[in-house]
Every structure is written in C-alpha cells, then in structure tokens.
Amino acid sequence: MLKVYYAKCIDSNFIKEKNIDSNVFMEKLVKLGKIHHERYKKIQKISNIEEKCRSLSAGLLVSYALAVEDISVKDVQIKYQKNNKPYLENSNIFYNISHTQKYVAVVISECESGIDVETARKRWKDNPKSLERLSKKILSLSERQQFDNICNEEKTAYFTKIWTKKESYVKATGEGITFNLSEIDTNDMECFFTEQIDADTYLSVCCFENINNLKKVIKKQLKLEEAYKDA
C-alpha cells in the first residue's frame, strides 16, 4: 500500500481576517483529533503566521490521511528517528511529510518512504548562472549531462524535478540533507514516482519496495473554514 495526498496550504489571510486566536483554535483541533498534540507543540514555537499555517496544513493532512486507514491521531504516539524523521510507535504504517510555500504533501505506506514537493525557485529562473553552479554540486554525472543538453527554458523544471527525487531519497533512507546529493544518480534508480502538480511544482516519492503500486496522487483541498467551524 502506498498513498500520496497533497493540498494547497491554508491561506494565512483567513486567520488574519477573522482575528482568530491561533493557539485557542489549535487546542480545539487537538481535542477534536484534527491535529496531533506533537504537531500543536511544534506550531506553538513558530512565530511567522505563514509558516504556522504551513505547519498546520501538514498536521491536518496527516490526520486526514491516517483517518483513511482508520487511525486516529488521538491514539498514536509519534517518535523520531535520526535526522528527526517521524514515525508511528507500535504501528506498521509509515508516513512522511513535505511542504513548500504553496503546497503540503503526505505519503502513507507499509514500508519506509520519503516525499518531497518543491516549487521552482524564482532565483533559479532569474539567475541561470547561479542554477548552473548549483547543478554542479547537486547533480550526478549522468544528470549533469542531461542538464547540459536541454534548452535553457527547460533547465529550471528539470533541476526542480531531480531535486525532489533526491530529497525524497534521503528522507526515505533517513540520511537527511547531510548526504552528498551528487552521489545519488536518479537515472539508475527505479524507486521514484514523480508528478507535476502545477506549472512550477513537482512532487516525488521514494520507496524501495512497492513504488509501482502508486499510480496517482490524491488531491485533498484543505479548507480551514471547515476546521474552524468544527472547532
């Protein structure tokens, strides 16, 4: 079993416009089983409202994805492996989270897996020389050859897609970004599923056992207004 969910992050303007006390609101979400208490503690430490909303979006999407498997976040203990990779204690279900400024994504599986979602960065588009320098540090030899052989207009998209694959790989292995990404040659691996989810955003999943079981991602539109109504 391998399932992927993604959604647009909650718009911080909703909290601003409604003048919501975010701490009180999230305490209610914990009681309702909408987010895990560990996620709530993490959100409390964040001062930036946009980052708070991204973290809240991740918590809501994880809870939704686990609920599909008949798992309530009220009943689980979240522990952390090396490099702070989360896992569910005493469970045969694994999960992993990623988010950008616009999107949050979650993978649920029966084995170790990793996920990354990334929107092409403006500085990559606006500064080809900077992207060129970065590609020399990140891409393997074969990836670099492909990068050099495509037109400039396609380089940012190609690099973003490869970046998500490498990030999902080190999250699946638990190595984290301490791993030398140029040593990962995604051309030689069949453990990735990648999908473009908007004009500039790619999502990749890495799983070493059953990646072929994943045929498509599931889009879940998070609606803070609904969560607020329940709370």
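General observations
- For the chain: accessible area per residue (Å², 1.4 Å): 53 Å²
- Bins of 10 Å, starting at 0 and running to the largest distance - Cα pair percent for segment 9-80: 20, 55, 22, 3
- Computed 3J(HN,Hα) for segment 194-201, one whole-Hz value per residue from the Karplus formula 6.51 cos²θ - 1.76 cosθ + 1.60 where θ = phi - 60°, is 10, 9, 8, 10, 7, 4, 10, 10, glycine and proline marked x.
- Ser91, Ser140, ranked by accessible area, largest first (probe 1.4 Å): Ser91, Ser140
- Ordered by solvent-accessible area of protein heavy atoms (1.4 Å probe), largest first, the residues Ser135, Ser72, Ser47 come out as Ser47, Ser72, Ser135.
- Largest GNM mean-square fluctuation across Leu214, Leu61, Leu134, computed for the chain with C-alpha springs under 10 Å, falls on Leu134.
- By accessible area, using a 1.4 Å probe on protein heavy atoms only, segment 1-115 has 43% of its surface on carbon and sulfur.
- Full extension of the chain between Asn152 and Glu89 yields a length gain of 18.0 nm, computed as 0.36 nm times the residue separation minus the alpha carbon distance.
- For the residues Phe193, Phe159, Phe25, a GNM of the chain with alpha-carbon springs under 10 Å puts the largest fluctuation on Phe25.
- Debye intensity ratio I(q)/I(0), log10, the chain, q values 0.08 Å⁻¹ (C-alpha model): -0.31
- Highest average packing first - 8-14, 148-154, 160-166, Cβ atoms within 10 Å: 160-166, 8-14, 148-154
- Each residue of segment 83-94 is assigned a 3J(HN,Hα), and the resulting list reads 6, 6, 6, x, 8, 8, 5, 6, 9, 9, 9, 10 Hz, derived from the Karplus form 6.51 cos²θ - 1.76 cosθ + 1.60 (θ = phi - 60°), x at Gly and Pro.
- Counted over segment 65-184 with a bin width of 10 Å, the fraction of Cα pairs per bin, in whole percents, is 12, 37, 29, 15, 7, 0.
- Stretch gain in nm, segment Ser72-Val24, where the contour uses 0.36 nm per residue and the Cα spacing is subtracted: 15.2 nm
- Rounded to whole Hz, the Karplus (6.51, -1.76, 1.60) HN-Hα couplings of segment 109-120, x for glycine and proline: 8, 9, 8, 4, 8, x, 9, 9, 10, 8, 9, 3
- If you run the Gaussian network model on the chain, springs between alpha carbon atoms under 10 Å, then out of Lys82, Lys136, Lys155 the most flexible one is Lys82.
- The coefficient of translational diffusion for segment 44-114, derived via Stokes-Einstein from the alpha carbon Kirkwood radius under 4 °C and 1.567 mPa s, stands at 100 µm²/s.
The values are calculated or read from the model by the stated rules, or taken from the named source; none is laboratory data. What you see is a predicted model, and the numbers here were worked out from it, not measured in a lab. Neighbour counts are summed over all protein chains in view; Cβ atoms, including those assigned to glycine, are modelled from backbone coordinates with ideal geometry. We work out accessible area using only protein heavy atoms, side chains counted, and drop any ligands, DNA or RNA first. Shrake-Rupley method; radii C 1.70, N 1.55, O 1.52, S 1.80 Å.
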